Structure formats: structure tokens, C-alpha cells
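Let me begin by presenting the structure, written as C-alpha cells, before commenting on it.
Readers should treat all values here as calculations from the given coordinates under stated rules, not as data from a laboratory. These numbers were taken from a predicted model, which means no experiment stands behind them. Glycine also receives a Cβ, built like all others from the backbone with ideal geometry; neighbour counts cover every protein chain displayed.
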Amino acid sequence: MDRQEEVIQYLQNSVAQANLRADAYVYDENRRAQPTRSLYVKLRKYVDAYLDNESNPRWICLSGVRGVGKTTLLAQLYKATNLPIERKLYLSVDQATRSLNVSLADILEAYETILGRVFEQLNDPVILFLDEVQYEKDWAIILKGVYDRTKKVLVIATGSSALSLQTNPDVARRAVFETLYPMSFCEYMKIVHGKYEIKSLGKELRKIIFESSTAEEVHRGLLQVQPKVRRYWAGIDRLEIDRYLRYGTLPFAIGLKNEGLAYEQMKKTIDRVIDTDIRQMGNFSNEVITKIGAVLYAVAGSDSISLTKLAGILGLSKDSLSEVFQMLEKSETLFRVYPYGSPYTQVRKPSKYLFASPAFRSMYFNFIGQVQQGDNLKGRLLEDLAGVYIRRYLQMRPNPSMSYDSAQGGADLIVGFGHERIIMEIGWGAKGFRQVDNTAKRVSAKYKLSISQTSLKISDDKTSVNIPLAYFLLT
């Protein structure tokens, strides 16, 4: 059998078995359909609009940190798409190219043979569901070629790094980019307990918290939705918040038998990011690769990172360490939060690094053996989570920014939209207004928010609001 025939046979088997492979992600052990994520609705609309009138977008790139659920989402879309099985290709590009030792171009050429005509001659729509495309070095050029050759093909491609999916300017002009973030608390409750969110409540809360004009407007708006918030939380064990913070943001973790197994799987996920993703994206020696785990361990136990100090501790050059952090950001494992101020201030003072999911920091604290526990740990997990929630919201706003106050006793985050600023402090237990007030002396903001396990309250001077964590978790 020659190579082309081998690829054709592989694809024929893939097409024939695609439903069975997708079923493993779509259904639980009792053959009940798994609940879908919020982003599924948006992606399904893209697919339906394309099938109705072949409208744009015809190329969708879906990114997200490893373990966040991209493969499951792709499988759910595949199963929900009403096309003959031969006209929808569900394929792991990473697995196929490595198994066959061929390129994505070879695979798509073989698929044209199965279809019986080249893409330019198609009369009916075809959808390519391509998982983990970033391991094909020329994926962008290959898929651009498909995009330019025909309007009869919709491409949905996933990758673990938004930056690696956007490096080609031709892709950026043609594709729509969507990010699958770690699960929200409402998604967690829906998947674990079958409890569905109250329609439009999350949207209302986001608008109140981030788009009000004054603290008084925030307070007034939250009082108005208070009955809905209380109705959602009725019957929920408050220990669910603790479980959610520790491991519930990653879909694969909640299906495991115990927390220890979840952390073991997270460690394997991080190891693959280091040994596969970063090794591919960067140009590091084995010595540097072996120290990346120690870099993440240091981040897990630190409020902010001084590159000079950490480089000295690890025996790395500052330039090498800086490149490691860039790759950890590119792989979407970490998110960098710069100190508030001028570009000079941002270079001179240390940055803060948040984990893409609080579950990863939790793994370092609990599985590897960090000594810090209790409220300090939960506070840091909450800060990671706030970063996830806020980044998810900021992608919908023009000119967004997120920084932190590097001064002693300053606030955790400063969120910006154009010229507007909101000062935010996030913590476990009860939080007052001291830290947001300290930052307000240096940063002009439309209002200040303190988010913690406290009651809803506005400050005496009407410039700050205490927001209970129970409200923020539903945004």
C-alpha cells in the first residue's frame, strides 16, 4: 500500500468511527448528553448561519489552555451538525500527522479523494472539525489555501495557544478567534449538579459591576437583582465554592474519583505544556526546560515576580527567564498583570502572574507541597479566578486593560476601559475598603470594588462597594 492509499484508508476509518469517538466526549457513562458550555451557543450559531446561507465566518479558531474542554466542545459541535457523515471531518491533527508522518496538506488532499472532488468543485457544504492544529507547522498556510479556494468549506480549528493561532496575518484577516476560558461557577454547577443559571442574570451582573457610572449605581443595581441571586444560591452547599476554586474550573478534573487524581492529571497537563508546547514554540536547551516547573512553583507562592531575583535563584540568565515567561503566557498557562503606571514603571517594577486556572495554583499548593494554606491560599485562588472572569469580560470591550497597584497596601487589580478605571480588591473572608482607598490616592477611578465573603454594602463616602463573592461568581 502506497502512502496516499494509507492516508485515504486512515481517513475513511476516521470518518466511519467519528461518531463513536465524539460520543466519548458528548455522553456520560449512562448515555446522557453532557451539558454544553456557554461558548457552545455562539459557535453553534456560526455553524447554523453557515449552513443556512454559507455566510461568514468560514474559518473559526478556538484557543484555550490545555484541559479547558476544547476537544469536548468540538465533539459536541460535530454531533449537533446535521450533515452527511462524509461531509464533516472530525480529526485530531496532532494524532493524524504523527501517526501517518504526513502533513495536514496531504490529509486534506486525501479527504478530497474521499469526497470525490476537489474543494473548488464542491456543490454542497463541508465542515472540517480540526483539533490541535498548532502541531502542524504550516497549518495556517494550508487552511488559508482551503479558505481561498472555496466558499463551500467551513473550518473550525482548535489550538492551545491564541498567540500561536494568530501569528499569521493572513489568518488574522480571515478567521474569527474565540477563547474557551476555564469554567465559570454556573457552568460548574450545571455540569456537576444539573443546576442551570437564571436566564440573563450573569449579563445583568456584569453590566452593573463593570458598566455603572458610580458606586451608588453599582449598589443600587445589585440590590435590585438580589432576589435573583438569592434564588440561584438556594439549596447550594457553600462548600461548592471551595471545591470549585480548588479544581472545578477544569472540566476533566471534576469527572475524576478524587481530588488527588485530579491534581495528578493537572501535573501531567502542565508537564505536556512544558515538554511539548513550550519546547515547540521556544528554542530552549534541556537545562532551561527542566527548570520551567520550578518557575511555575515560584509563581504559585508569590504575589509578584522579580525576574532578576528568580533568575539568580534558578541559575538562569534574566533573558532566558524572560523568554520562559513569554512562552508560559503564549501557551496560556500564565497571564501577566503589569504594575499600574507609565511604561517605565511597568519595566522597572515586578509584574504579577496569574494562573490561567486557579486549579493549577491549587495543584502546586496541595499536590507538590506548598506550605501556605487557609485563607491565604484561597485568596490567591480567588485572584486567579477574578483574572479569568475579568479577561473573559474584557474581550468584549474596546481598549481594555488590567494592571495592579505595586505600592505597599495597594489593590489587587485596576481594570480599565479606555479612560475609565475601576479599582478592585479580591480576597477570602471579610474585606474592607482600606486597600482600594489606598490605591485611589494614586489612581483616578470611577469607583472602587471590594469582593469577598462579606455583605453587600456601600462606603460612607459613596465611592466604594463591598460585593459578596456570591454575586461575583455569577458574572
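Brief remarks on what is shown
- Summing Cβ point charges (Lys, Arg +1; Asp, Glu -1) relative to the Cα centre of the range 188-472 gives a dipole of roughly 540 debye.
- Scalar couplings 3J(HN,Hα) for the range 307-319, obtained by applying the Karplus form with A = 6.51, B = -1.76, C = 1.60 to θ = phi - 60°, are 4, 4, 5, 5, 4, x, 5, 8, x, 10, 6, 4, 5 Hz; x denotes Gly and Pro.
- Seen against the Cα atoms of the chain and their longest principal axis, helix 70-80 is set at about 60 degrees.
- Phi angles of the range 116-128 translate, via the Karplus equation with coefficients 6.51, -1.76, 1.60 and θ = phi - 60°, into HN-Hα couplings of x, 6, 6, 4, 4, 9, 5, 9, 10, x, 10, 10, 9 Hz per residue; Gly and Pro are given as x.
- Here is the list for the range 230-282: trypsin sites (Lys or Arg not before Pro) lying in DSSP coil, each with at most 13 other C-beta atoms within 10 angstrom of its C-beta, are 238, 257.
- Within the chain, longest stretch free of exposed GluC sites (Glu not before Pro) [DSSP loop, at most 15 other beta carbons within 10 Å]: 55-475
- Positive-end residue, the range 188-472 charge dipole about Cα centroid, Cβ charges, pick of 273, 388, 353: 388
- For the chain, a simple Cβ point-charge model (Lys and Arg +1, Asp and Glu -1, everything else neutral) yields a dipole of about 1460 debye relative to the Cα centre.
- Label positions at residue 211 and residue 149, each projected 7 Å from the Cα along the C-beta direction, are separated by 4.3 nm.
- Order of 61, 186 - criterion: other Cβ atoms within 10 Å of each residue's Cβ, fewest first: 186, 61
- Under 29 Å from residue 257, Cα to Cα: lysines that are on another chain or at least 8 residues apart: 70, 79, 190, 195, 267, 268, 378
- Note on residue 45: aspartates and glutamates with a C-alpha under 15 Å away, same-chain residues under 8 apart excluded, are 54, 178.
- Helix 215-233 vs. the chain, principal-axis angle (Cα, 0 to 90°, nearest 10): 60
- Ranked list, fewest to most other Cβ atoms within 10 Å of each Cβ, for 113, 333: 113, 333
- Gained length - residue 29 relative to residue 193, 0.36 nm times residue gap less alpha-carbon distance: 57.5 nm
- Amide hydrogen neighbours beyond the local backbone of residue 126, cut-off 5 Å, H modeled: 153, 154
- Legend: distances between Cα atoms for 42/88; 228/431; 352/462; 309/441; pairs beyond 27 Å are 352/462; 309/441.
- Partner aspartates and glutamates for residue 446 [C-alpha distance under 18 Å; skip if fewer than 8 residues away on the same chain]: 211, 216, 217, 405, 412, 420, 425, 437, 460, 461
- Gyration tensor verdict on the range 188-472 (Cα atoms; rounded if a/c is under 1.5, prolate if a/b is larger than b/c, oblate otherwise): oblate
- Cα gyration tensor, the range 3-180 - rounded (a/c under 1.5), prolate or oblate: rounded
- Annotation: extensible slack from residue 49 through residue 397 equals 122.8 nm (criterion: 0.36 nm per residue apart, minus Cα-Cα distance).
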